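Data first, discussion second: the structure below is written as structure tokens.
Rule-based calculations on the coordinates, nothing more; no lab input. The structure displayed is predicted, hence computed values, not measured ones. Methodologically, a virtual Cβ is constructed for each residue, glycine included, from the backbone with ideal geometry; neighbour enumeration extends over all protein chains shown.
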Ligand code: GLU
């Protein structure tokens, strides 16, 4: 195991390293490639001073980490969250490398973030934040170098401000510098819902493999109710499953007969917290939601929610990792031992970056695809990747997490060997 340094200090980073080491033992990947993948290629820290509405200036800390760019330009979201730090950003960049490689994209892995609670900023302050961050990391990004996208706390509007700032500096419009943009400035149809849609596709593939039908007896609990959770919930409910629980920062709502999703969506337009929801439900904590007696559990909010402390109490037989890193390595070991089928994050939530790739390709060609074409290509890439991970699992008699990492690293190692190392 590599010596712990500042960049590798976050639990999420240690978790990723552990998975990498485990995967390298299962398959015969060149140890020199594994060694190179343990640390990021480049990590940029920037200071972001913004003028608050009251006239004072406040400085925030921002990062962009490019983990590996062997397969193509760096790709990965920008997170605005109060817990962002360099090590966690680096871990997420590493996961992006493995995600892009696993699903066969010609892209590397990167991630960015600012340590800020965006809910405390006004729209004007948020715009200042997005623009100054874009200016500071501007020299290190670009459509052929590193392409940011939305992540927790960021959205299409922030991508629009980001793209505008970058373009102003260069003197002409460069939509390809970000993905997840609004359609009106070169975004792609289907990008907004793509991560959640991909989660629902992967749940279907898993059910097929396990000979489980999705119908009204299928109970689903979703940790989260945001960009990933909502489309996943809607798609699974359309297939007949009962969405029994969802949650936000204020806690969860539960109904064993299934929640009324349309009513919750209508309610959430008022930006109120779920703890104020007035529909038919029981209020539960986020912790209780994870341990509900359901068939499918989708942690789709943040990392590290399923740990050695609660893994034993999980009742779901399928866990679909909608978030990045929701299960710690210790939890994965306990769950695997219990026979839980885990759909790994780098596969399960790859729908977002896959449609980001489509957006980038459409932008380069200036030729835009219709939604059916986008969703059917998304489906086929995920299906093929799922089969690859499942077959790797069978071949090496291992778990899905290790299989996904092995399959990903195998492709990456081949490319790294071919490009060689210079000097
Ligand atoms: N933030 C998303 C992820 O974690 C999407 C990244 C992208 O589209 O580049 O996969």
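Some points to look at:
- Single match in 152, 158 (criterion: part of a helix (DSSP H, G or I) and within 13 Å of the ligand (Cβ to nearest atom)): 158
- Filter result for residue 359 (within 21 Å of the chain's Cα centre (by Cα), crowded, with 24+ Cβ neighbours inside 10 Å and within 30 Å of residue 175 (Cα to Cα)): yes
- Restricting segment 51-84 to residues that are surrounded by fewer than 16 Cβ atoms within 10 Å (Cβ to Cβ) and assigned to a loop (DSSP other than H, G, I, E, B), the residue that is farthest from the ligand (Cβ to nearest atom): 55
- Lone qualifier among 44, 48 - being away from the ligand (no atom under 16 Å from the Cβ), part of a strand (DSSP E or B), buried (at least 21 other Cβ atoms within 10 Å of the Cβ) and touching a residue at least 60 places away in the same chain (Cβ under 8 Å): 48
- If you check 316, 331 for being free of Cβ contacts under 8 Å to residues at least 60 places away in the same chain, touching a strand residue (DSSP E or B) at 6+ places or on another chain (Cβ under 6 Å) and crowded, with 20+ Cβ neighbours inside 10 Å, only one passes: 331.
- Looking at 176, 128, 138, 180, just one residue is more than 15 Å from the ligand (Cβ to nearest atom), outside any strand (DSSP E or B) and closer than 30 Å to residue 416 by Cα, and that residue is 138.
- On the stretch given as segment 187-232, residues that are in contact (Cβ under 8 Å) with a residue 60 or more places away in the chain and not in a loop (DSSP other than H, G, I, E, B) total 20.
- Listed by position, the helices (runs of 4 or more DSSP H) enclosed by segment 282-361 that each have at least 1 residues that are over 17 Å from residue 196 (Cα atoms) are 286-290, 329-338.
- Condition met for residue 145 (within 15 Å of the ligand (Cβ to nearest atom) and buried (at least 22 other Cβ atoms within 10 Å of the Cβ)): no
- Residues being part of a loop (DSSP other than H, G, I, E, B) and within 10 Å of the ligand (Cβ to nearest atom) - total across segment 89-116: 2
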